[in-house]
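Input: a single structure, listed below in structure tokens.
Taken together, the values in this text are just the output of simple stated rules run on the coordinates, not laboratory data. Remember, predicted model here, so these are calculated numbers, not experimental data. All Cβ positions, glycine included, derive from the backbone under ideal geometry; neighbour counts span all protein chains shown.
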């Protein structure tokens, strides 16, 4: 027989004004199994809590129902009180007679009767409650940072500086990301590489950071605190230990006319190359798809000239396995490809370029050493048109969202142009100027007022070439919706920021959800912006949504602090509200039939099939097993299981059934 | 003769509808007293057998409510639940069970007013349908403790 | 589409447009790409985005301006606006609706009278012949619009090239065609009520 | 013998007679039989849709229903305007059940949707095997392929080629031995709808098209639409007036070009009916720089002037 | 047909590929029953004719049969479907079973392994026959009250013998929920409530898994048209979710129908 205590709260007059609290307490005292039933003005107050604690001790209660407000309000309070009195906190339940009763009904007998029902059903539930214990999971204090752009760099440095190990994986041969391609940054116009390069070097030299460039995530298993990842380190064909980064091979390589990725196709690189002079690591890599030796079987010039004999044509991809406790996703973004702008002739007219290409042109380290020149003939453009929202906010192109960064970088581009070509004319076609941010609006105003950039409110419909000029057909919606034409020498498209190639595939590998545009989804848009719905995996930067540098850096630090918090303890504690597959005596071992239909239904991939062995080690059956680290306790599997072999702790079949039967 | 007061049992998820019903309370939106809420973590946890048992327990109506699509705290529990309901509802209807007595809704944590409306509409509709004697007569139902002991 | 129009004023022209064609002016966010690409923009009194703006506002008088506009008549239905519209607003369909609506309400812009006669003449030709009878149609149009000298200069040369037929190609089941016209006309009067 | 349903449309009986003649001439050689849609009517372009939406679906609807009686799937529609109206009607009849019911009531016939209109380019693409092997006199000219509005737009309805930069006609012309020039006005509107009402405007729009084609070194403009042809050919005087210069570039239907390549006589193809005599200007050396093929240019090719290695 | 099956059975047994062939043989009177051939020379006892409709797949799950070694099974379409579903439910491995497949057109189908079987089943998705659909529609056309009366009358005959469960190849659970008593989900007595609950549960537990073999109806000693319930769900799944999922209830589409949800 249970020994249950019922504590009916008046909540001042919040409950007692419409519910006969004393009557409820009296009624409950007559319920079989209830040995103590009282009402009190403020149960959550110190004296109220003491009352509960004393009753637990004096009456040896094995279950407590506090009938008061919503469990969302005070369940932790009362469970803590119970625990302090030595009662397992999960033997305490709350009956919600305030939000769900006294506040929504008039004072009447019906209201009190409803309150009695609500308390009684919780009494019946508590009778079936089992003591539960928070789940402890060990934590491997090494973080994996995927992506070596500014987001990854910031997160890695923050975690490493907090004293934890970091493994950084970058897909391309050097870290640095898109930020390393930028000329200057808004709204301060400080040189991007000047602020980034020291950070890149710091990553490379940090004792807590292991850097794998030219590498990709192969697979991930496990759960928070206990991930196992496999990293594919692609063959560079260069022995990194021997290579000194002298660069002789890249100068001597006969295959030199390969469009440089770093320069967005506006400059050339060789087949063995370092993406850019400040690359980290500053070690070359052979592009097997372009190298004469790999294509035709002869050449080997690099091997001949290498003073340290570091070239390894037969190097193979390497798989590295690492134990990881937390993962920061910082894989960044991409810009929309040329095939999306046939009406602008992007990809057809060489002087129609996109924003990142303009960054390279404007960059002092770029193909024109920072001089603004048209790609077609190298002349200085007298008239330049910038088109904001090229692809963004364009449902027809499948991108209804705002890319967020374009307004600002377009203003920056126009400004940089005007600073370098004083007599030139710069036009910006825009729909709205979105300059929310510290000093952002001021920056745009500067472009307009001080640098005389002409802003035209309207979109461009078409660009075509006529006599060496690009005819930009746009509209000025502020001038009575007029169509206007500008004869330009160069056009820069602020092409939409889109999710990186392979983002979907990566998300699936990591069991992270993603939005319709393949940006990774945060756990909660407001309150958990750097977490994913998979515990232990965090987000930083533009892989989640288009972001500028300040936001990316703050988010990266946010993700890093989440990781540091996780790593601050050697074990992590979780609420025990999780699903469990029963294990019973032989010959059944478990009522689970092993049909495995729950496996695909779990939103967290927490269920796997396990072989059950008898004492002799012989496999007697296969049954589902729920990983307590991954399970979040939704109970979808519980409802799906035909044989009721899965149950949800805290909301077990018996508990819910008892509640229902009390009504 | 007093108006028939239907007995309605609601199965709701913890994160959206339960919290939404909390908001109904904090907003002091008055509504009918007939509904008893059973809290579950997620609509995905709501076994069809629970709905079946609610009628066996003498309910005249059942409300099932959770997060709107794409708002599920557990990402997809409500999507799984929705599929289950599509089939279950059709099966019940096919067997001649009065499926109008099961009311499904999405009520978010912000929809306190909607919850009150769902409750009031359900009460009105079930009241119009009358007591579910057809089902109650299948087998004798033990009166609840409360009706026996507390009026 | 209907979901987006729940809270709209049922009497507004925008609403009628939406009801009749499914085109919703509220979808337009006024980027002006339609106007920018329209080959007729210069000829128009209100460019496409301007018309959409007038429909969006629905202020007193603005709907009348739309119905009395010259633009729908000068629209070529070249579909460039729709093909490039980021919000996929079917502007040509809207222009079709505005033409028939302004003809119905007798609000056709005076400058567009000749367009209306052209369309009417052409439909007459189809109605009675079943096919387009170019000579009859051109002559009919030129008579209706008092433009009869304009193209007459061209006619003899076309005639000698065998391109103009003096007699129409009649189709057999002309009754079927006139029935289509009649029923469609009835339906339109019904709808107008 | 391959049989295909054929809807000539009104223009091909009158102003665009040579289009019909050349098509019939080439299919004869291609071994294809065109079966006319029985008792076909006008599709109503471009007036029906301007005044009466239901009518604008019912007229082409009747054509489709008449064509269904032939039991053939493909319906070749050479006129781009007719093609557009038929596609539009088919699209709406498939999407809108209420409209379909009304239209069936109006026509007193049933719409099953079994017939699929194809334009002349699709037709030539599909049956290219039947003429490529019969080319005796390659049409070795530099040509500007002009698609106009209605073959490619609205993309949702026609679902044909790339709406902004179509290539299918260029590909057919290459098969005939021509060199298609890269030009900028492939899909610009010539103003056909106003050919009669605002001939002056048409001259203005069309002169830009002709001007660009000539500027890019074309010796002939190839069209697949009787309205485009009548504007660019019959209305040449208006064009010249608008341009302030005399253009003598001929405008050919693609069927005529196919016929010429197959060695069919000019008279049989109706070339004598053109307003602008079919005489090709000299091949011009275009001063414009060679441009990379759009298809291959997902990454813009870097300019020679900016060429450098990392070390430079 | 019969000869081909016998031939195939002989080959399989004599080649050692399987140790037992499950098929149909002569039973008492005019009836056929399942037989288990273990020697090639006994293969001649196999029968294949119009009487052979029983879904034999259930035998594959029996310990006694599994103890005989690798089995080959004479499998018409419902059996093939059962095997595919059981395989999805991880009850078989390829090495456990060989099939002698027979198509709906009464042709031998060559299914060298269970993957081929899976492909074959996928290519022939489960659909109700027009007659079956008509029967479902007939009930649908009734008023709710009429349907209730119909099923009340039918289920009132139920004696809770669970022959429907025993005959169903998909009802292989180690402990059926009807036997769970903590809590007591299904009322034990075979009164109207207990009967109704049992049949609702049975149908729901077969949702997305039932292969429409009709074994339940054939097995029912009191003649309840049980398969109608399963067929209603089969039609619902096809109508609402399409056919691409292996198990409709463990999957979802974000835009699944929700016109009934407020």
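A few comments on the model shown:
- Based on C-alpha pairs under 8 angstrom that are at least 6 apart in sequence, chain A has a relative contact order of 13 percent.
- With all pairs of different C-alpha atoms in the average, the Kirkwood value for the hydrodynamic radius of region E:130-250 is 15.2 Å.
- Burial order of peptide ranges B:93-105, D:93-105 (average beta-carbon count within 10 Å, highest first): B:93-105, D:93-105
- For region E:1-93, share of DSSP beta bridges that run antiparallel, in % to the nearest 5: 70
- Protection proxy ranking of D:244-254, A:322-332, A:578-588, by the mean of other Cβ atoms within 10 Å over each peptide's residues and highest first, is A:322-332, D:244-254, A:578-588.
- Contact order relative to length of region A:334-498, as percent, for alpha carbon pairs under 8 angstrom and 6 or more apart: 30
- Peptide A:640-653 shows a mean partner chain C-beta count of 5 within 10 Å per residue C-beta.
- With 10 Å bins from 0: P(r) over region D:2-121, alpha-carbon pairs, percent: 14, 48, 30, 8, 0
- Calculated log₁₀ intensity ratio I(q)/I(0) where the Debye formula runs over C-alpha points of region A:4-128, q = 0.15, 0.18, 0.19 Å⁻¹: -0.56, -0.82, -0.92
- The mean count of C-beta atoms from other chains within 10 Å of the C-beta of residues in D:27-40, rounded to a whole number, is 1.
- Three-way shape call for region E:2-123 based on the alpha-carbon gyration tensor, with the a/c threshold at 1.5: rounded
- Two-decimal Rg/Rh across region D:137-288, once Rg and the Kirkwood Rh are taken from alpha-carbon atoms: 0.94
- Of all DSSP-defined beta bridges confined to chain E, some 55% are antiparallel rather than parallel.
- Applying D = kT/(6 pi eta Rh) to region A:248-305, where Rh is the Kirkwood radius over alpha-carbon pairs, T corresponds to 37 °C and eta to 0.692 mPa s, the Stokes-Einstein value obtained is 284 µm²/s.
- As a rough guide to protection, the peptides A:26-33, A:97-104 ranked by mean Cβ packing within 10 Å, highest first, stand as A:97-104, A:26-33.
- Whether region B:60-111 is rounded, prolate or oblate, judged on the alpha carbon gyration tensor where a/c under 1.5 counts as rounded: oblate
- Region A:351-397, relative contact order [Cα under 8 Å, separation at least 6], %: 20
- Evaluated at q = 0.10, 0.17 Å⁻¹, the base-10 log of the normalised Debye intensity for region B:8-149, with identical point scatterers placed on the Cα atoms, takes the values -0.33, -0.95.
- Each 10 Å bin from 0 upward holds the following percent of the Cα-Cα pairs of region A:579-661: 18, 48, 27, 5, 0.
- Among A:1, E:1, A:490, sorting on how many other beta-carbon atoms sit within 10 Å of each Cβ, with the fewest leading, yields A:1, E:1, A:490.
- Panel order for E:89, D:268, by other beta carbons found within 10 Å of each beta carbon, from fewest to most: D:268, E:89.
- Per-residue Cβ neighbour counts within 10 Å put D:164, E:11 in the sequence E:11, D:164, beginning with the fewest.
- Anisotropy class of region C:2-108 from Cα gyration tensor, a/c 1.5 cut: oblate
- Ellipticity at 222 nm from helices only: DSSP H runs of n ≥ 4 in chain B, each -39500 (n - 2.57), divided by the residue count, give -12500 deg cm²/dmol.
- Calculated [222 nm] ellipticity per residue, helices only, for chain D: -11000 deg cm²/dmol; basis is -39500 (n - 2.57) per DSSP H run with n ≥ 4, divided by all residues, nearest 500.
- Cα-Cα P(r), region A:184-343, percent of pairs per 10 Å interval: 9, 28, 33, 23, 6, 0
- The Rg/Rh ratio of chain E, with both radii computed over alpha carbons and Rh defined as the Kirkwood radius, is 0.99.
- Annotation: average projected area of chain D is 19.1 square nanometres, based on the convex hull of Cα atoms across all directions.
- Between residue A:218 and residue A:313, the contour length at 0.36 nm per residue exceeds the Cα-Cα span by 31.9 nm.
- Shielding by partners for peptide E:207-218, expressed as the average number of C-beta atoms from other protein chains within 10 Å of each residue's C-beta, is 1.
- The Rg/Rh ratio for chain A is 1.10, where Rg is the radius of gyration of the alpha carbons and Rh is the Kirkwood radius.
- Fraction of alpha-carbon pairs over 47 Å apart in the protein assembly as shown - percent: 57
- Share antiparallel - DSSP beta bridges, the protein assembly as shown, percent rounded to 5: 40
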